[in-house]
Amino acid sequence: MVILRKIAAVFLVLVISGWIFDRYLLRDFLDDHAEQKLQVEKIKNCDVVYMSASSNFPQYGDDDTRKISQMVASYFPNQRFEAINKPASHAGVFKRLMNSFPENSEVSTFIITINLRSFGADWIYSELESSLNKANLMYSNRPAIINRVLIGLQAYESLTEEERTSLRNEYWDDQTLPVSDALISVNKWCAEYKWGDWKNPKRQLADQFIKQYAIIIQEDNPRIQDLDALVHEAQHSGVNLLFHILPENLEKADSLVGSDLVEIMKDNAQFIEERYSSKGIIVVNNIDLVPSESFTDKDFPTEHYDQRGRQAVASSVAQQLKKL
Amino acid sequence: MVLYYLLPKNTRWFLLLLASYFFYGFWKIEYLSLIVISTTTDYFAARLIYSSKAQVKRKLALAFSLSMNLGLLAFFKYSGWFIEDVANPVGLLGDDVSLKLMRFMSFALPVGISFYTFQTMGYTIDVYYGKATPERNPLKFALFVSYFPQLVAGPIERFNTLMPQLNREVSYDYRNIQHGARYILYGLFIKMCIADNLAPIVDQIFNQPDIASSSQLVWGMILFGLQIYSDFHGYSLIAIGVAKLMGVDLMKNFDAPYSSLSIREFWSRWHISLSTWFRDYLFIPLGGSRVSTLKLTVNIMAVFLISGLWHGANWTFVVWGALHGLAYLGERWFLSSDTKNTLSVPRWIATMAVVFIAWIFFRSDSINDATLYIARMFAWESGSLSISWDPVLISLLGLFLLSDIHFRNRDFDEWLQTKSSLQRWSVYGLLIFCTTALSGTVNHPFIYFQF
């Protein structure tokens, strides 16, 4: 009996600690570690939420400095549009964020941006994953103090640099892709590429294109499982979903690596489109929408577009959104 | 723990053995074989030493045990370093051979190998000197080697204190739960609130010493000293608490080391289980203090250098040990051992200066990094590194340091026992609140797990 009384007393202390944390410390903590949770609170009563990584942002030198989400919103003057942006985010993060919207939220539509790189080993085993995993804990609908304790106990996946490098290389060694009528691994493809030695910037860029996009997306990919969970959650809570496959720099992929890589990228986009269209989700496949000159980063494959690129993307998304 | 107390008393030790092997195997199942090798070697070596009357046989058995344990340690912990930093620079091996050997040896260091090999070696040496009677039951001996609360980072226990407790049939006693829970709570507070909150600041300064100002570098050095202390002290208290829950007393591993007035005193308060191990199994067998001055000097330096190497395969740890050894010898030669007749503040400052400067070598990746750090620290330069000082962290640190001084030569648990119920629960409330709401947020494993 003594021990039960003590356990009850400890529980009471935990409840009081939770109350103090919620009242005096939670806001600052979220601001530092999971600012999107605060954003969810602010925007829970809008109509449409646009979720994206850094692709939404304007680029240096643009005259039109609107984000893609603002451009899409301009097509719907009577709707309340909001965006949640977090660099390096992906479907796994969006899934947590969508779940963290309260039941009485007025949001009727979520636009989920999808970039192909987020399905690959470089992104899955990225060092940014640790902080995203940490933030994900705070998006869980448990009492905040429990989430805080779990963060203190480091109860989230956080791989070391050695572990990440090893997992990436394992993936790039094991997965085979159809190249010139043969099946080769990513590492072998990179090694055989013919842009000269490793110091050649073109070769380095070609190498990155292969490592980022040379993947065969299948059902067991963690991002597909995240997207499935998003669909399940949307159907459960009765909100609309629009999946938006972001444009990739196909022209650059073609000129640097060749048509094999472009075909793989298109096949992957098509796989996603078909999989989710068949589940009744509107999928906007913009994989080849933006020309190479509108991609602002020249030394690494990204989904950062100049104003013309963003305008084209926004127009395309808006056309499909009108169907909802 | 519930299962432990539900089982019949005479079978509980077996549950602990299973739990210990599961605990170690959960990290990497292949390395369980190392514990099995150490256990088997020392079980049979000790029995042979005990039963044999021929001195040669006894010596051979002891030598076999020590070679096996030190061999495992050398192979897993030091072989990569030896090839890369010792053999290679002097051209002992060709480049190709070195590269092939390095690739072959690119495995992870087995967690806790330095701790359990020392514990099991201590047992065999005790049997050799007639200080211990060997355990008959090989599975119970396996539990002594692998006992999970202290398996991966100590305290390094002695056979004569731990084994009888593991053999004892423990009855459920609420006081054990109470005392164990207190140690665990205090240990969690120290690890999660102090060490884990200091870690990002220390990393920031040590990763970019070239842009840190001299004052920031001084702070980096001091904060690392506090980080490693709170990290390891916190872990030790948790280990002591977990063992206590099951009625086992582990030895105290730290006792306010930063209040020491000499290096000698520091080592009687810092990582006590290791320093007493070196004293009993290395320093005394080498002759102890009753030898010539020259031999004593050599012995002391040998102990400190080996202690440095025990921590890791890097020249930085050797220098760390050497600095402590030299300071220890300096005190022995030039200072009176009677601290009552000397000014304590200057003595304390001098001791801490040695301890904290030596930490720079301990924390740095290379001797070069450490010397650059120290050079910049003493150059009194400004820098561009921006560090935010969180008032909550400063308060927590203040609380920790005050409590550490308060518990000097005392025990947290015993102190709490003398307080009223209201006072005790105020302390619990404060510790629970700090641990749940103010703990560190960066993933930082226990520092001593790497040794």
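The values are calculated or read from the model by the stated rules, or taken from the named source; none is laboratory data. Predicted model, so just to flag it, every value in this text is computed and none were measured. Cβ: placed from backbone, ideal geometry, glycine included. Neighbour counts: every protein chain shown. Just the protein is used for accessible areas: all its heavy atoms, side chains included, with ligands, DNA and RNA removed. Shrake-Rupley method; radii C 1.70, N 1.55, O 1.52, S 1.80 Å.
The table below lists the values:
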| item | result |
| --- | --- |
| Per-residue mean of C-beta atoms belonging to partner chains within 10 Å, peptide B:428-440 | 6 |
| Chain A: relative contact order in percent, alpha carbon pairs under 8 Å with at least 6 residues between | 21 |
| Loop sites in region A:21-117: trypsin sites (Lys or Arg not before Pro), DSSP, at most 15 other Cβ within 10 Å | A:Arg80 |
| FRET efficiency estimate (nearest 0.05) - Cβ-Cβ, A:Asp31 to A:Val10, R0 30 angstrom | 0.50 |
| For A:Thr113, residues with placed amide H under 5 Å, excluding near neighbours | A:Met51, A:His244 |
| Cα centre as origin, Lys/Arg/Asp/Glu Cβ charges: chain B dipole, Debye | 1680 |
| Among B:Met192, B:Pro155, B:Val218 - extreme Cα towards positive end, dipole of region B:109-244, charges at beta-carbon | B:Pro155 |
| Candidates A:Glu162, A:Glu35, A:Glu106: whichever shows maximal mean-square fluctuation once chain A is modelled as a Gaussian network with Cα springs under 10 Å | A:Glu162 |
| Percent antiparallel among DSSP beta bridges (both partners in the protein assembly as shown, rounded to 5) | 20 |
| In nm, spacing of pseudo-spin labels at B:His406 and A:Leu150 (7 Å Cα→C-beta vector) | 3.4 |
| 15 Å Cα-Cα reach of B:Lys57 towards aspartates and glutamates, excluding residues that sit fewer than 8 places from it in its own chain | B:Asp42 |
| Unit charges at the beta carbon, dipole of region B:174-379: most positive-side option, B:Trp359, B:Ile240, B:Val319 | B:Ile240 |
| Above-threshold pairs, the threshold being 26 Å between Cα atoms, out of A:Lys86/A:Lys211; A:Lys67/A:Lys211; A:Lys42/A:Lys279; B:Lys28/B:Lys131; A:Lys42/B:Lys191; A:Lys188/A:Lys279 | A:Lys67/A:Lys211; A:Lys42/A:Lys279; B:Lys28/B:Lys131; A:Lys42/B:Lys191; A:Lys188/A:Lys279 |
| Leading residue at positive end of dipole, the protein assembly as shown (Cβ point charges), from B:Ile177, A:Trp172, B:Gly440 | B:Ile177 |
| Stretch in chain A that is longest and holds no chymotrypsin sites (Phe, Trp or Tyr not before Pro) that DSSP places in a loop and that have at most 10 other beta carbons within 10 Å | A:61-197 |
| Candidates per trypsin sites (Lys or Arg not before Pro) in region A:216-321, loop by DSSP, up to 13 other Cβ within 10 Å | A:Lys298 |
| Cα-based equivalent ellipsoid of chain B: semi-axis lengths in Å, sorted from largest, via gyration tensor | 34, 31, 23 |
| Projected label distance in nm at A:Asn141 and A:Ser255, using a 7 Å step from Cα toward the beta-carbon | 4.9 |
| Reachable aspartates and glutamates, given that their alpha-carbon falls under 18 Å from the alpha-carbon of A:Lys266 and they are not under 8 places away in the same chain | A:Asp181, A:Glu219, A:Glu248, A:Glu251, A:Asp254, A:Glu274, A:Asp288, A:Glu303 |
| Rounded to the nearest 20 debye, dipole of region B:140-219 from Cβ charges on Lys, Arg, Asp, Glu | 400 |
| Where N is the number of residues in region B:174-379, Cα Rg divided by 2.2 N^0.38 Å | 1.10 |
| Loop trypsin sites (Lys or Arg not before Pro), region B:1-87 (other Cβ atoms within 10 Å of the site Cβ: 10 or fewer; DSSP) | B:Lys53 |
| Distance (nanometres) between label positions extended 7 Å along Cα→Cβ at A:Asn78 and A:Ser54 | 3.9 |
| Length released on extending from B:Gln423 to B:Ser171, taking residue separation times 0.36 nm less the Cα-Cα span | 87.8 nm |
| Cβ-placed point charges (K, R +1; D, E -1), dipole of the protein assembly as shown about Cα centre in debye, nearest 20 | 3740 |
| Of all accessible heavy-atom area on the protein assembly as shown, the percent that carbon and sulfur account for (1.4 Å) | 59 |
| Cα-based reach from A:Lys6 at 18 Å (exclusive), listing aspartates and glutamates while leaving out same-chain residues under 8 positions away | B:Asp173, B:Asp413 |
